[in-house]
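What follows is one structure encoded as C-alpha cells, with my remarks underneath.
The values are calculated or read from the model by the stated rules, or taken from the named source; none is laboratory data. Please read all numbers here as calculations on a predicted model, not as lab measurements. No Cβ is skipped: glycine too gets one built from the backbone with ideal geometry, and neighbour counts run over all protein chains shown. Surface accessibility is based on the protein's heavy atoms, side chains included, excluding ligands, DNA and RNA. Shrake-Rupley method; radii C 1.70, N 1.55, O 1.52, S 1.80 Å.
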Amino acid sequence: MSSSTQSDSHLDALIIGAGFAGLYQLHSLRDRLGMRAQVLEAGDGVGGTWYWNRYPGARCDSESHSYMFYFDERLVQGWEWSQRYPGQPEILRYLNFVTDTLDLRRDITFNARVNGAEWDEANRLWHVRTEDGRQISARYLVSAVGCLSSANLPQIAGLEDFQGDWYHTGQWPHEGVDFTGKRVGVIGTGATGIQAIPVIAQTAAQVTVFQRTANYSIPARNQPLTPEFKREIKENATEIYATMRKATNGHAFLIDDRLAVATPEEDRQEIYDKAWEVGGLRFRAVFKDILVDQAANDTAADYIKDKIRQMVKDPKKAEVLADIDHPFAAKRPPIDTNYFDVYNRDNVGLVDLRATPIERITQAGIRTSDQEHPLDIIVFATGFDAMTGGLFKLNITGSGGRKLKDYWYAGPRTNLGLQVPGFPNLFTITGPGSPSVLCNLPPQIEQHVEWITECLKTMQAKGADRIETTEDAAEQWGEEVERAARATLLFGVKHSWYLGANVPGKPRVFMPYAGGFDRYQKICDQVAADGYKGFAIS
Ligand code: NAP
C-alpha cells in the first residue's frame, strides 16, 4: 500500500456512488483503515436509488427496522422510523442523517458523474474521469453504483412525436408531477408500477395501465409504528441484526421450516390467510418449498390468484390481472397498498398488451393493435438495465486494455460478485454474482463493505497493493451461481430481469446469487480464512 500522506497526488480509494453502499464504504476505509478515500456522486445529494426514485408511492418493501445500518450504535439508537415500510422521503432523510452522523459529506463530491476509468498497471492506479472533465487517480476503485441505477426506457416507436409529457420512474423530477385532471398512461406492473398506480389514480382524471405480464402482489399492510414497537427495536437491536445476517434473504425474519406440500390443505389455507393479513414479503416465508417446488408454489399462486378475482369486481379486468404465467416470487414479488382495489375505480382502465400489443406512440397517446388511447402523460415504470447497466456506464478499462463491456459480452463474470478478472483493485459492491437484489440490501451491503475492508486491511499489513481475482475462480463462481439458480423456480422464468430478459440484446444469464445470503456469507468468510483463495495479491 502506498503511504497515505497529503502530498500524494492520488487517493488510496475512490468510491463511485453515495447511496447506502458508498456511504458505508467511505466511512470504513477512511475511519477504520485511515485511507484517503473519497466518493464521486452523480446527483447533488446522497441517497443513490432513493435520490433518483421519487415517483408517487415510492416506498421500500423491506420493513423499516431491517432497512437500516446496524454497524454503529449511533445509527441505531439515534434514528426512529415512523412507519412499517419507510417512504422515499424518509429514507432520504435517514441517509442524510447517516452522512452527517459519520461526518461523510466533506469527502463526497456531488454532481460528478463518472464516465471513464482506466487501470494503469505501471503505477498500479485507477485513473477516473467525470463528465465535466475532472480526473482523479486512486489505488483502489470501489463501485457502489447499485444494481438498479440504469433506467430501462423501452424503444417504442413514436415517443419523439408525443405531444404530452413522459417520465421514467427511476429519473423522476425533483419538483414532482401534477397529475390533476390529466389522462395518464402507465406502462409496467412491476414493484414500481404497482406502488405508483394507486397513488396516481387519486388525482388523475383517468389512468390507463398497460400490462404486459400480469403480476402477483401481496398487501403491504403499511401502518405507523407504535412507541412500544420503536422501543422494542432499540432494545433488541442485536438480536434483530443477528437474524438478518443469518436469514436467506437478509430480512429480520426467517423462512419457516415446514413444507407446503406436506401441510394438510385446511391448515395451509389458514397459514396463507394469516400471512395475507400480516402482509408484506413475510408471505413468501411461510413455507420453505415455495421457491423450489412447483407443486408447493402452485398452492401459493392459486391462493393469490383467487384473492385477485375476489378483490377486482369487473370479471374481465380480474381475469387479465390474475392470468399470471410464472410461479409466485420467481420474479421479484411486489407488495402493495390498494393495488388491486384501484381497478374498482371508474377512472382506472386496464389494457392487456398480450392481447393488444403497443404498435407505437402517437402525438396524442399510445396506439395498441385495436385502438388509440389518448393521453396527457406517459409514465414508464419499465424497470432497469439491472446489475450490469450501471457498471457499463462507467466505461471501465482494465489491464491490457480489457473493456468491461467486451469482457462481459456473454454475461457478467465475477468472483463472488466482488471482483472481475482483468480488473485489479476494482471492487463491485452488490455486483452480479452476489445475492444483491435477492436480498434485503442494507445487510448485504454491510457484509460486502466489511469483506472489502478486511481484505484491504490484510493487504495493508502485508505491504501489498494489488489484488485481482483469477479466471479460474470466476469460472468456478459462475458455475456456482448457475447451479444455485437452477435449484430454484427463478431460473425458469424466461422474461425475468434477473436473467436480463427485459433489455433487448442483453445476454440471458442469471445474475444474482440465489444460494442464500447465509450460505453466501459463509463462502466469503472461508475465502478470506483461506488467505483470499482465488485472488492474486501482490
Ligand atoms: P420491473 O420489475 O422490471 O418491471 C417493469 C415492468 O415494465 C414490467 O411489468 C414489464 O413487463 C414492463 N415493461 C418493460 N418493458 C416494457 C415494454 N416494452 N412494454 C410493455 N411493458 C414493459 O421494474 P420495476 O417495477 O421498476 O422494479 C425493478 C426492481 O426494483 C424490483 O424488482 C425491485 O427489486 C426494485 N424495486 C424495489 C422497490 C421497493 O423496495 N420498494 C420498489 C420498486 C422497485 P414484463 O414483466 O413483461 O417484462
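Here is how the numbers come out for the structure above:
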quantity	calculated
The listed residue being open to solvent by 60 Å² or more (accessible area, probe 1.4 Å) and either assigned by TED's automatic domain parsing to the domain that holds F510 or under 25 Å from T488 (Cβ atoms) (or both), out of R309, R282	R282
Where a residue in region 209-230 is charged (D, E, K, R) and its partner, wherever it lies, is near the ligand (Cβ under 10 Å from one of its atoms), with Cβ under 6 Å and at least six apart	R212/L353
Enumeration of residues in region 174-212 that are among the polar types (S, T, N, Q) and under 20 Å from the mean Cα position of the chain (by Cα)	T189, T192, Q195
Some residue of region 353-360 being more than 11 Å from the ligand (Cβ to nearest atom), of a type outside the set (A, V, I, L, M) and farther than 21 Å from N152 by Cα	yes
Where a residue in region 469-498 is within 21 Å of N425 (Cβ to Cβ) and its partner, wherever it lies, is assigned to a helix (DSSP H, G or I) and of a type outside the set (A, V, I, L, M), with Cβ under 9 Å and at least six apart	T469/W477
Residue in region 167-176 that is charged (D, E, K, R) and in a loop (DSSP other than H, G, I, E, B) present	yes
The one condition in (1) touching a residue at least 60 places away in the same chain (Cβ under 8 Å); (2) open to solvent by 30 Å² or more (accessible area, probe 1.4 Å) that G531 fails to fulfil	(1)
Flag if G505 is at pLDDT below 95, assigned to a loop (DSSP other than H, G, I, E, B) and either open to solvent by less than 50 Å² (accessible area, probe 1.4 Å) or in the same structural domain as T458 (by TED's automatic domain parsing) (or both)	yes
Qualifying residue in region 244-256 (condition: surrounded by 16 or more Cβ atoms within 10 Å (Cβ to Cβ) and in contact with a Cys (Cβ under 6 Å, 6 or more places away or on another chain))	yes
Lone unmet requirement of (1) surrounded by fewer than 19 Cβ atoms within 10 Å (Cβ to Cβ); (2) within 13 Å of the ligand (Cβ to nearest atom); (3) of a type in the set (A, V, I, L, M, F, W, C) for A122	(2)
Residue check, D518 in contact (Cβ under 8 Å) with a residue 24 or more places away in the chain, of a type in the set (D, E, K, R), outside the structural domain of A285 (by TED's automatic domain parsing) and open to solvent by 30 Å² or more (accessible area, probe 1.4 Å)	yes
Restricting region 211-233 to residues that are touching a Ser or Thr at 6+ places or on another chain (Cβ under 8 Å) and of a type outside the set (A, V, I, L, M), the residue that is farthest from the ligand (Cβ to nearest atom)	P224
Filtered residue count, region 180-192, keeping only those that are more than 9 Å from the ligand (Cβ to nearest atom) and outside any strand (DSSP E or B)	2
Counted residues, region 490-502 - those being within 14 Å of the ligand (Cβ to nearest atom) and open to solvent by 20 Å² or more (accessible area, probe 1.4 Å)	5
Residue count for region 113-170, restricted to those that are β-branched (V, I, T), touching a helix residue (DSSP H, G or I) at 6+ places or on another chain (Cβ under 9 Å) and closer than 24 Å to S434 by Cα	2
Count of residues meeting criterion [in a strand (DSSP E or B), within 12 Å of the ligand (Cβ to nearest atom) and aliphatic (A, V, I, L, M)] in region 361-381	4
Failed condition for N440, given (1) over 30 Å from D72 (Cα atoms); (2) touching a residue at least 12 places away in the same chain (Cβ under 8 Å); (3) within 22 Å of the chain's Cα centre (by Cα)	(1)
Yes/no for R134 being surrounded by fewer than 20 Cβ atoms within 10 Å (Cβ to Cβ) and within 15 Å of the ligand (Cβ to nearest atom)	no
Any hit, region 399-418, residues being in a loop (DSSP other than H, G, I, E, B), more than 29 Å from A329 (Cβ to Cβ), away from the ligand (no atom under 13 Å from the Cβ) and touching an Asp or Glu at 6+ places or on another chain (Cβ under 9 Å)	no
Considering residues of region 143-161 that are of a type outside the set (S, T, N, Q) and out of contact with any Ser or Thr (no Cβ under 7 Å at 6 or more places or on another chain) only, the residue nearest to the ligand (Cβ to nearest atom)	I156
Residue match in region 485-493 (condition: at pLDDT 95 or above, in a helix (DSSP H, G or I) and among the charged types (D, E, K, R))	yes
Residues that are in contact with a helix residue (DSSP H, G or I) (Cβ under 6 Å, 6 or more places away or on another chain) and surrounded by fewer than 19 Cβ atoms within 10 Å (Cβ to Cβ), drawn from region 257-279	V261
Selected residue (criterion: least open to solvent (accessible area, probe 1.4 Å)) from residues of region 162-179 that are more than 16 Å from the ligand (Cβ to nearest atom) and of a type in the set (A, V, I, L, M, F, W, C)	F179
Residues that are within 21 Å of the chain's Cα centre (by Cα), open to solvent by 50 Å² or more (accessible area, probe 1.4 Å) and within 10 Å of the ligand (Cβ to nearest atom), drawn from region 312-337	R332
Residue selected from region 193-207 under the condition open to solvent by less than 20 Å² (accessible area, probe 1.4 Å) and outside any helix (DSSP H, G or I), by the criterion farthest from the ligand (Cβ to nearest atom)	A204
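Residue-by-condition table, conditions (1) among the hydroxyl-bearing types (S, T, Y); (2) open to solvent by 20 Å² or more (accessible area, probe 1.4 Å):
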residue	(1), (2)
F340	no, no
Y343	yes, no
R367	no, yes
L375	no, no
